[in-house]
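The values are calculated or read from the model by the stated rules, or taken from the named source; none is laboratory data. All values derive from a computational prediction rather than experimental measurement.
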Amino acid sequence: MTKEEIIEMAQRCGLFGIRPYPDGTYSEALEDFAKLIAAQTLMKIDPSSFMSYQEGFEAGQLAEREECAKVCENSVEYAGDTLAEAIRARGQ
């Protein structure tokens, strides 16, 4: 969300340029503004981009395994494979 979009929403709520009440609180405009920001934010979230805990865990395992394999990329053979191949095969 851009600064201009936030200012526009604040203006729509009547929040832009208002002064607090003597007790330091603001009017309902602040609550309306927060609701607009929340709605604007939620509209831009793509639920299909979320992953489950399990998917995240497995992606982390795969990334860590690949980084370990890169360290061993030019290593000696281990049971017929290079260490890198052996590490990558653990995910199979």
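Say we look at segment 33-77 and pick out the residues that are more than 30 Å from residue 13 (Cα to Cα) and part of a loop (DSSP other than H, G, I, E, B); which of these is modelled with the highest pLDDT?
Restricting to residues being more than 30 Å from residue 13 (Cα to Cα) and part of a loop (DSSP other than H, G, I, E, B), the top hit is 52.
Being of a type in the set (S, T, N, Q) and modelled with pLDDT of 80 or more is the requirement here; does residue 92 meet it?
Here the answer is no, as residue 92 does not meet what is asked.
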